Amino acid sequence: MPHFTSTRGDAPAPVSFEDALLHGLAPDGGLFVPETIPSLAPAGDEAESFPERSARVLTPWLAGEIAPETLRAITDDAFDFPVSLVPLADGGDGGLDGVHVLELFHGPTLSFKDFGARVMARCMSHFMQGRDEHLTILVATSGDTGSAVADGFAGQPGVEVVLLFPEGQVSPVQERQLVAQRPGVRALAVDGPFDDCQRLVKEAFQDEELSSALLLSSANSINVGRLLPQMLYYVWAAERFDDEMLFCVPSGNLGNLTAGVLAARSGLPVRRFLAAHNANDFFPRFLGGGPDEFAASERTLSNAMDVGAPSNFERLQWLLSEEELRETIWGVSVSDGATLQSMRRVYDATGYVADPHTAVGLDAVRRYRSETGDGTPTVVLSTAHPAKFPAVVEDALGFEPDAPERLAALWNEDTQSEPLAPTLRALREKLLHGA
Ligand SMILES: *Cc1c(COP(=O)(O)O)cnc(C)c1O
């Protein structure tokens, strides 16, 4: 069983998955990474279901900490929705031959974050059983994380979820999902951009006053509890191809891409990853030989990727050398204009309605193919349902996407949220005194 150590290399001793999961961040402020990477469990037969395959993939990572049958119960319960791999057939002239969309948005909050959040919630509640402590989960969210985590944890005894989101910078649907009233969930509307939310969470973890009063944990993509389950759909999709393929990952904080790299490091035959970013282009610039200097985040149509300082960059650098990073990952930045055009181009050629995040990925594939001439079959991770972004879809295509029923029902639910100034002091007050 792998133990988890810190990216910064001066953490005391490697810790168990349970400790890494419950603490979120290593004591030295680094991110937890596996000391060793177990080999991928061999594929089962074609009839093996996604939850079944997933439990077998996770087993060597968690052996000795969570029994295989408990893991199977966790994946069965967490993944009670479909994963679809949709080939985009365009008759050959739209440049989309061999491009497949991996729809990861059929979970309860309609984004891929349901995969990580639901498994993480169930693992945490497994480890909290029989303790009489209370866990406070702090989550900075640029939109989709918060709702997935709130949904995954709602009503779990002994756990409170506190969401920090950038006021006015998430879509109306995302905001509605964040502020929907759920047992054990508080939403804090931060007066500042997502980077402030993320910084506050990091500061809270390093604050002695808070950590002595509360058992704090994170549920951002910095938590290994989210990272490991995000490997599972890479494995499942790649095993549907006979030969090596490419994955294109619409990226922000680089958690999803890091999970793909972990899966590849454990033996999944992936030829290359395409990192598709919006105007927040730190990572593609770095891959192109630029400096590793973060920038302030910029608002775009694919707002769940509006991250100026991707926290998982530190993990990627730990997993791969600079040379390996540039060899394994090709990156590109897609503007808002190109995102809208991509939505139109794909719809016109195939009838497929992509959300703006997926559209960034689809345009990245087009750019990659025209720059490299490499037409290898490619799976684009579709990270959100188009109905989460009705205004953008309408702008691009002239109609609103069909909304699944659970989204429509949101508008009738009760809501709650509290304003928060972007300072550690204000957050401390909220957490300790509720004010
Ligand atoms: C979170 C999110 C992303 C970015 O994922 P990272 O792991 O932060 O790179 C992309 N698309 C959607 C819809 C998201 O919610």
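Annotations for the structure displayed:
- Taking a straight Cα-Cα cut-off under 26 Å and skipping sequence neighbours fewer than 8 places away in the same chain, the lysines within cross-link reach of Lys388 are Lys113.
- When the helices of the chain are scored as -39500 (n - 2.57) per DSSP H run of n ≥ 4 and the total is divided over every residue, the value at 222 nm lands at -12000 deg cm²/dmol.
- Spatially proximal lysines relative to Lys430 (Cα-Cα < 19 Å; intrachain offsets below 8 disregarded): Lys202
- When the GluC sites (Glu not before Pro) in segment 60-167 are filtered for DSSP coil states and for at most 13 other beta-carbon atoms within 10 Å of their beta-carbon, the remaining sites are Glu133.
- Average 1/r across all pairs of distinct alpha carbons in the chain, invert it, and you get the Kirkwood radius: 21.7 Å.
- Sites matching trypsin sites (Lys or Arg not before Pro) across segment 348-435 that sit in DSSP coil, with at most 10 neighbouring C-beta atoms within 10 Å: none
- Per DSSP, loop GluC sites (Glu not before Pro) in segment 209-273 with at most 13 further Cβ within 10 Å: Glu244
- Residues of segment 27-52 with an amide N closer than 18 Å to a point placed 7 Å from the Cα of Glu244 along the Cα-to-Cβ direction: 40.
- Listed by Cβ neighbour count within 10 Å, with the fewest neighbours leading, Phe81, Phe273 appear as Phe81, Phe273.
- Here's the picture: charge each Lys and Arg Cβ at +1 and each Asp and Glu Cβ at -1 in segment 204-297, and of Tyr233, Asn220, Gly290 the one pushed furthest to the positive end of that dipole is Tyr233.
No value in this document is a laboratory result; all are computed from the given coordinates. As the structure is a computational prediction, the values presented were derived from the model and not from experiment. For neighbour counting, all protein chains shown are included, and Cβ atoms are generated from backbone atoms with ideal geometry for every residue, glycine included.
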